[in-house]
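Presented below is the structure to which this report refers.
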Amino acid sequence: MTTNPIFLHALTISVIRYAKQHGLTDREIHKSLNMDLTQLDLSKLFLTTDQLLCLIQSVSQKNNIIFTGFHTAKYMKISDFGIAGYVLMNCRNMKQVLEKYETYHQLMGNVTRLAVNIEDDRVKYCWRPVKDLPLEIERIVMEYLVASIITHSYELTGKKLQIQEVEFSWPAPDDLSEYTQLLGSRLSFDKPQTALYFDKSYLKLPVKTSNSELLSVFESHAQERYRKLTGNSSLSEKVTGLLIDRITCLPKMESLAEELGMSPRNFQMVLKDEGTSYLKLRDKIRFEYAKRALETDSCTAAEISVRLGFSEPSAFFRTFKRWSGKTPGRYRKEERS
């Protein structure tokens, strides 16, 4: 069997819950996983791709279905995401949930890369696989992630997510009933990535279980887990971490390269291979910091520009408008209204 585990613990738990509710006995589940009865500890269970595929095939045969990630929707709990899930449960509103979900996505699984974009009137979650998975497992993982956003959003707010569009990176199946039942009819297939679009206004909804004190406690643990997990992280992740740590005194590209034991040329080439650049990473960190400061701090836009190392406030104003389509003043007014 494949020795590398799929690190998507929540998916494993949801599939096992589904299997138990749809006719598989414990003994049949253990047989599918090639495990002894004493080995099935859900709190520590990480399956290989072969094990997960065998379990899914057993469920499919037992119920005469083509299994999808959407079948697990009723069996998901946000706490299955572990410490990252508890962080999300204690956020103030869905905008903060989005930010934390993007930050701690790696703690929830190691098989996809997430990108989140906030556009004029909608939010886009986009996933791409980062591991070479069997096509059936890749499809189920992506379906599961889409379903989890919808299910967990309702769990957090008590309100249905207003879905605008969903894209999938595989051909349309013959039977779309599992898709349309959860997602509606605005579906596209054979796209470059899997993406979910929903109404931006949803981000203003409060989280029912919000608790700022618990959020602080859980996030300190999440940060520690994240630091350990990314010890062997990509160069872009290391650079992002260093830039975040030094947001008010951002180092130059040459200084970072030297600190990481690389020549500037090699530094740039590796980042290019990872699909980014020093300037892109720097601007992303600046933009996120500027948004948070405008939303929560009492400092002026001019003071924020100084913190971020802009030569003059007008340069910051122009750059922020290029990033967001709005002036800093307009952005602050809209976010605080």
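Taken over the stretch 118-169, residues that are free of Cβ contacts under 8 Å to residues at least 40 places away in the same chain, closer than 28 Å to SER210 by Cβ and not in a strand (DSSP E or B) amount to 2. Of all residues in the stretch 70-116, those that are closer than 20 Å to PHE168 by Cα and more than 15 Å from the chain's Cα centre (by Cα) total 4. For THR112, the requirement of being out of contact with any His (no Cβ under 9 Å at 6 or more places or on another chain) and either at positive phi or outside the structural domain of TYR331 (by TED's automatic domain parsing) (or both) is not met. Please work out if ALA301 is within 23 Å of the chain's Cα centre (by Cα), of a type in the set (A, V, I, L, M) and closer than 21 Å to LYS95 by Cβ. No; evaluated as a whole, the condition is false for this residue. Being out of contact with any Pro (no Cβ under 9 Å at 6 or more places or on another chain) and farther than 16 Å from GLU119 by Cβ is a property that does not hold for LYS200. Being polar (S, T, N, Q), surrounded by fewer than 15 Cβ atoms within 10 Å (Cβ to Cβ) and touching a helix residue (DSSP H, G or I) at 6+ places or on another chain (Cβ under 8 Å) holds for only one residue in SER277, SER263, SER236, SER220, and it is SER263. Across the stretch 290-305, the number of residues qualifying as of a type outside the set (D, E, K, R) and either buried (at least 18 other Cβ atoms within 10 Å of the Cβ) or on the phi > 0 side of the Ramachandran plot (or both) comes to 6. Just one of the numbered conditions (1) at pLDDT below 85; (2) farther than 27 Å from GLY184 by Cβ; (3) buried (at least 19 other Cβ atoms within 10 Å of the Cβ); (4) assigned by TED's automatic domain parsing to the domain that holds ALA195 is not true of GLN51: (4). Go through the stretch 96-111 and give me each residue that's at pLDDT below 85 and surrounded by 18 or more Cβ atoms within 10 Å (Cβ to Cβ). Correct list: GLN106, LEU107, MET108, GLY109, VAL111. Check whether at least one residue in the stretch 318-336 is closer than 14 Å to ILE247 by Cβ, in a loop (DSSP other than H, G, I, E, B) and under 29 Å from the mean Cα position of the chain (by Cα), and report yes or no. No: zero hits.
Yes/no matrix, rows are residues, columns are (1) charged (D, E, K, R); (2) at pLDDT below 95:
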| position | (1), (2) |
| --- | --- |
| PRO134 | no, yes |
| GLU138 | yes, yes |
| LEU145 | no, yes |
| TYR154 | no, no |
| GLY158 | no, no |
| GLN164 | no, no |
| SER188 | no, no |
| LEU203 | no, no |
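Tallying residues that are free of Cβ contacts under 8 Å to residues at least 24 places away in the same chain and charged (D, E, K, R) within the stretch 289-312 yields 4. In the stretch 264-281 there is at least one residue that is under 25 Å from GLU335 (Cβ atoms) and without any contact (Cβ under 8 Å) to a residue 12 or more places away in the chain.
The values are calculated or read from the model by the stated rules, or taken from the named source; none is laboratory data. Here the structure is a predicted model, which is why all the values come from computation and not from measurement. We place every Cβ from the backbone using ideal geometry, glycine too, and count neighbours over all the protein chains shown.
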